[in-house]
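Read through the structure below, which is laid out as structure tokens, and then see the notes.
The values are calculated or read from the model by the stated rules, or taken from the named source; none is laboratory data. Note that the coordinates shown come from a computational prediction; the quantities given were computed from them, not determined experimentally. Positions of Cβ are backbone-derived with ideal geometry, glycine not excepted, and every protein chain shown enters the neighbour counts.
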Amino acid sequence: MELHNLKPAKGSVKKNPKRVGRGQGSGSGGTSTRGHKGAKSRSGYSRKRHFEGGQMPLQMRLPKRGFKNPNRVSYTGINVDRAQAISEKYNITDLTLEALVSNGIVRKNEKVKLLGTGEISAKLNIEVHATSETAKTKVEAAGGSVKVI
């Protein structure tokens, strides 16, 4: 390849671009092919998303509902019967957060709460962020312990 062989890439150079706004004799003067008046004929125009031609947009017509509490703490619940099933499946007696994460039961940033549905017979040492009273009494009745972090 040499300097006299260089060509622009195919499709990068357009033929005969239209020169708008250069007087009536050019055929594209006056309104510069933008029609007459209105927002679309102005420079810098960009239509807002969900614009409805000046009519009140749907998201503004509908009433506001509800409330999102920014201080809400959400827990992933694990019932005592499920805790026993997990300990039997993975052969562990200490249900810590590291054990739950490593076995893919919860994600590492989730908070875990022990709930009291079901029965438990195995002696388990459970470590969670929160627990219900019924769950705590059931685990301690089975000979285990619950530690709240």
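The residues listed here are Ser28, Ser46; of these, the one that is more than 32 Å from the chain's Cα centre (by Cα) and not assigned by TED's automatic domain parsing to the domain that holds Lys111 is Ser28.
Here is the figure for segment 109-149: residues that are out of contact with any Asp or Glu (no Cβ under 9 Å at 6 or more places or on another chain) and charged (D, E, K, R) total 7.
The set of residues from segment 101-119 being part of a strand (DSSP E or B) and either loosely packed, with under 15 Cβ neighbours inside 10 Å or more than 27 Å from the chain's Cα centre (by Cα) (or both) comprises Lys111, Leu115.
Quick check on Tyr75: is it touching a residue at least 12 places away in the same chain (Cβ under 8 Å) and among the aromatic types (Phe, Trp, Tyr)? When the stated conditions are applied, Tyr75 passes them. For segment 39-81, the candidate set comprises residues that are among the basic types (Lys, Arg) and not in a helix (DSSP H, G or I); within that set, the residue that is nearest to Thr93 (Cα to Cα) is Arg72. Of His36, His4, all but one fail to be assigned to a helix (DSSP H, G or I), not assigned by TED's automatic domain parsing to the domain that holds Lys111 and not small (Gly, Ala, Ser); the exception is His4. Among the residues making up segment 41-98, those that are among the aromatic types (Phe, Trp, Tyr) and surrounded by 10 or more Cβ atoms within 10 Å (Cβ to Cβ) are Tyr45, Phe51, Tyr75, Tyr90.
Once segment 120-144 is narrowed to residues that are in a helix (DSSP H, G or I) and not charged (D, E, K, R), the residue that is surrounded by the fewest Cβ atoms within 10 Å (Cβ to Cβ) is Ala141.
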